[in-house]
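Enquirer: Submitted below is the structure of interest, expressed as structure tokens.
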Amino acid sequence: MNILKTGIDLIEVERFRSQKPEIRQRFIERVYTEKEREYCGENDQHLAGRFAAKEAVAKALGCGIGEVSWQEIEIQNDVLGAPVLKLHGKAAERAEHLGLTVWSVSITHLKEYAAAVAVGAGEIEK
């Protein structure tokens, strides 16, 4: 039997622009993996897009952040720059438990908003 799970998230980029510097650095280190930090740098749109993608994946997994951690959901890029999902730890375990083996993630952003959609698919035994 096929299974399909989706998640979506929308965030205001201003939430990243208006962070106090001392809070911002701790937040970035807690939420983003080293590879994500390298990619995003200080780009608020990229940070917001990755954040929205992590939220969308958590929704597709049927849990919130807490059951899985921010850094267990990692958004990398393929050779063409498209987002690619890498799951680690409890997030990977949850996906395996649900039978989700194939993922697609899409991120978009405008000046003021970033949005992401995550779709997980797979097969579960009857």
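Enquirer: Between the helical axis of 89-98 and the dominant principal axis of the chain, each derived from Cα atoms, what acute angle in degrees is found, rounded to the nearest 10?
Expert: 40
Enquirer: Here's something else I'd like to know. Which one of Glu42, Glu34, Glu22 has the biggest mean-square fluctuation once the chain is modelled by GNM with Cα springs under 10 Å?
Expert: Glu22
Enquirer: If packing is taken as the average count of other Cβ atoms within 10 Å, what order do 74-80, 49-55 fall into, highest mean first?
Expert: 49-55, 74-80
Enquirer: With axes computed from alpha carbons, what is the tilt in degrees of helix 44-60 against the longest principal axis of the chain, rounded to the nearest 10 within 0 to 90?
Expert: Once rounded, one gets 20 degrees.
Enquirer: I'd like the distance between the alpha-carbon centres of the range 1-36 and the range 88-108, rounded to an integer number of Å.
Expert: 17
Enquirer: Can you give the calculated 222 nm mean residue ellipticity of the chain, where each DSSP H run of n ≥ 4 adds -39,500 (n - 2.57) and the sum is split over every residue, rounded to the nearest 500 deg cm²/dmol?
Expert: -11500 deg cm²/dmol
Enquirer: Using the basic label-point model (7 angstrom from Cα toward the beta carbon), what is the Arg17 to Glu93 distance in nanometres?
Expert: Between Arg17 and Glu93, the simple spin-label model gives 4.1 nm.
Enquirer: So, by mean Cβ neighbours within 10 angstrom, what's the order for 112-120, 24-32, 57-65 with the highest one leading?
Expert: 112-120, 57-65, 24-32
Enquirer: Around Val13, which amide H atoms from residues at least 5 apart in sequence, or from another chain, sit under 5 Å from its own amide H, with H modelled in the peptide plane?
Expert: Close amide H contacts, sequence-distant or interchain: Tyr113, Ala114.
Enquirer: Fully extended, how many nm does the chain gain between Asp78 and Ile65 (0.36 nm per residue separation, minus their Cα-Cα distance)?
Expert: Contour length minus the Cα-Cα distance gives 2.2 nm.
Enquirer: Hey, another quick one. Among (i) 21, 18, 14; (ii) 24, 17, 11; (iii) 26, 15, 13, which is the computed semi-axes √(5λ) of the Cα gyration tensor in Å?
Expert: The calculated read-out lines up with (iii).
Enquirer: So which of Lys90/Lys111; Lys35/Lys90; Lys20/Lys59; Lys5/Lys111 end up more than 26 Å apart by C-alpha?
Expert: Beyond 26 Å between Cα atoms: Lys90/Lys111; Lys20/Lys59; Lys5/Lys111.
Enquirer: How much length is gained if the chain between Arg24 and Glu38 is pulled fully straight, taking 0.36 nm per residue apart and subtracting their Cα-Cα distance, in nm to one decimal?
Expert: Net length gain for the segment: 3.5 nm.
FYI, it's all coordinate maths here, none of it is from the lab. On a predicted model such as this, the values are computed, not experimentally measured, just so you know. Methodologically, a virtual Cβ is constructed for each residue, glycine included, from the backbone with ideal geometry; neighbour enumeration extends over all protein chains shown.
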